[in-house]
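The values are calculated or read from the model by the stated rules, or taken from the named source; none is laboratory data. Bear in mind the structure is a predicted one, so any value in this text is a computation, not a measurement. Reconstructed Cβ throughout: ideal geometry from the backbone, glycine too, with neighbour counts over all protein chains shown.
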């Protein structure tokens, strides 16, 4: 039977190529969309990740909040440590070389994010250097910086002297041991220096991060923190990192749901296309299927040929599509790593795609199989 | 009852036996009696031509004999088996073992080579790939096409395609060869070659052949001819 399936698979090469391309494109989109979805919903695997909350401005997620909130948050029962950061966009030599500049208090930063690693000597050097900076390996490599080098950082944020160029000394390299941070483009500077130097926004931060005593306290602690600022301006929104991130995306229309809807629409279209092509192809070959029946092949064998052809089409096109998706994601990962740090093809996505290939192969062949099971050999041979 | 006993041999030598076979078809609200209580016996080794005008019931009779259709009433007994009583799956298996079909339009699978087409019925046997290939080659040699084994139908002439069709029909060594207008789509020269081949299979290899044809020239190659008109068999054409 496989000979028949394979020989039929190879016939009508133009139509087959177009069918395979439609399946390929559908699974390419699926692979990329799943990677985007994973990037949006992924939470860190570190143990501390499950024990962390973040607090943002309730109305506008990136808008500033008073740094003084930190002291009040630290007093909430269940909060072990609090850190915060103010952020700006920096660039080296030209604004197209942009990266994130994160200003945070050194001690609490490492306390709340223990997965951040800096060699001891470099860490000590940074702690003692007011204008010092820690940068990710990607930035070091990209700009050819060396430890100890003083570099001018272009920003849109004015300093008190009116300058928008910030001079920072590279004190060391910072990496995230909990996830692949090879593509991250970040510079960490001292919040104190950042806050004292900038011309506007003094005493404000963009986000607080809280380390909890135990994960089970996440709900009550979140509620307790937000209650602290119910009558303040601005109010806050606190929750586990993943949940808050999702709620932010929910504000712009639930990206995850949109992605799912798009994926469903793509696959539904694909299913209709393949089903129509298979139905048409089976109709063209009714006399051939009738001949097989006349020769003594059972209905199962005949419908099995159609099912096999459909499965082969979905698997060949789908696997190729997923391979292309993998290559595309690998090529784009460096570019999108800051927005989607976990932009990757997961084993779940691969397993799901294989299941979908089989499912669509079966579904697309249902109509032709029903048609063939009702085939009258007498009529089909007479019609040819 | 219209009875034609074509056999001239003993009961045990009878390959085909039709007893009171009637076939009705529904055409809209109308019921058409295509075959009318037919009786027929065909002895082993016979080469019988069936002639008659279009719509007389020839093809319907062939479909019944080949197990592609069932009678409305009566018995169709082939090689001692009442095939009308077999289930669909049993009938499929029976066709694979007992009947070789030769069609007017050849019905070769265009994606397969001549050899693969001939070997197709052998896929239903327990033979290994090597043995299937060997037997397909032998059948192609018998019809004079051993040098065309690797050619696809589109690369063959009509006569050659029909020879491949005949090789496919005989490759399982069936009890009965049913040929439906085997020369109907061929020129006279190719048609004659096919008829000579069928004669050879009948005389040299003892194949029992029933052939439907419109062509008196083709029918003359058979051992004898029966005529069908309006669902009734007779030994003489209707005037």
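Miscellaneous remarks
- Set A:148, A:144, A:162: member being surrounded by fewer than 14 Cβ atoms within 10 Å (Cβ to Cβ) and within 30 Å of residue A:329 (Cβ to Cβ): A:144
- Of all residues in region A:196-225, those satisfying the criterion of being in contact with a strand residue (DSSP E or B) (Cβ under 7 Å, 6 or more places away or on another chain), closer than 21 Å to residue A:54 by Cβ and part of a helix (DSSP H, G or I) are A:218, A:221, A:222, A:225.
- For residue B:143: the one exception among (1) over 18 Å from the mean Cα position of the chain (by Cα); (2) farther than 15 Å from residue B:16 by Cα: (1)
- Summed over region B:26-52, residues that are surrounded by fewer than 21 Cβ atoms within 10 Å (Cβ to Cβ), in a loop (DSSP other than H, G, I, E, B) and modelled with pLDDT of 90 or more total 2.
- For region B:120-138, the set of residues classified as within 14 Å of chain A (Cβ to nearest Cβ) and part of a helix (DSSP H, G or I) consists of B:120, B:121, B:122, B:123, B:124, B:129, B:132, B:133, B:136, listed by residue number.
- Selected residue (criterion: farthest from the chain's Cα centre (by Cα)) from residues of region B:89-111 that are surrounded by fewer than 19 Cβ atoms within 10 Å (Cβ to Cβ) and facing chain A (nearest Cβ under 7 Å): B:89
- Complete set of residues in region B:75-88 that are surrounded by fewer than 21 Cβ atoms within 10 Å (Cβ to Cβ) and within 14 Å of chain A (Cβ to nearest Cβ): B:86, B:87, B:88
- The single condition from (1) free of Cβ contacts under 8 Å to residues at least 60 places away in the same chain; (2) in a loop (DSSP other than H, G, I, E, B); (3) surrounded by 17 or more Cβ atoms within 10 Å (Cβ to Cβ) that residue B:55 fails is (3).
- Of all residues in region B:145-159, those satisfying the criterion of being more than 13 Å from chain A (Cβ to nearest Cβ) and in contact (Cβ under 8 Å) with a residue 24 or more places away in the chain are B:145, B:148, B:149, B:150, B:151, B:156, B:157, B:158, B:159.
- Region B:58-74, subset at the interface with chain A (Cβ under 8 Å from one of its Cβ atoms) and in contact with a strand residue (DSSP E or B) (Cβ under 8 Å, 6 or more places away or on another chain), residue nearest to residue B:182 (Cα to Cα): B:59
- Summed over region A:49-77, the residues that are buried (at least 16 other Cβ atoms within 10 Å of the Cβ) and assigned to a strand (DSSP E or B) give a count of 7.
- Filter result for the condition that a residue is assigned by TED's automatic domain parsing to the domain that holds residue A:106 and closer than 19 Å to residue A:92 by Cβ, over A:178, A:184: A:184
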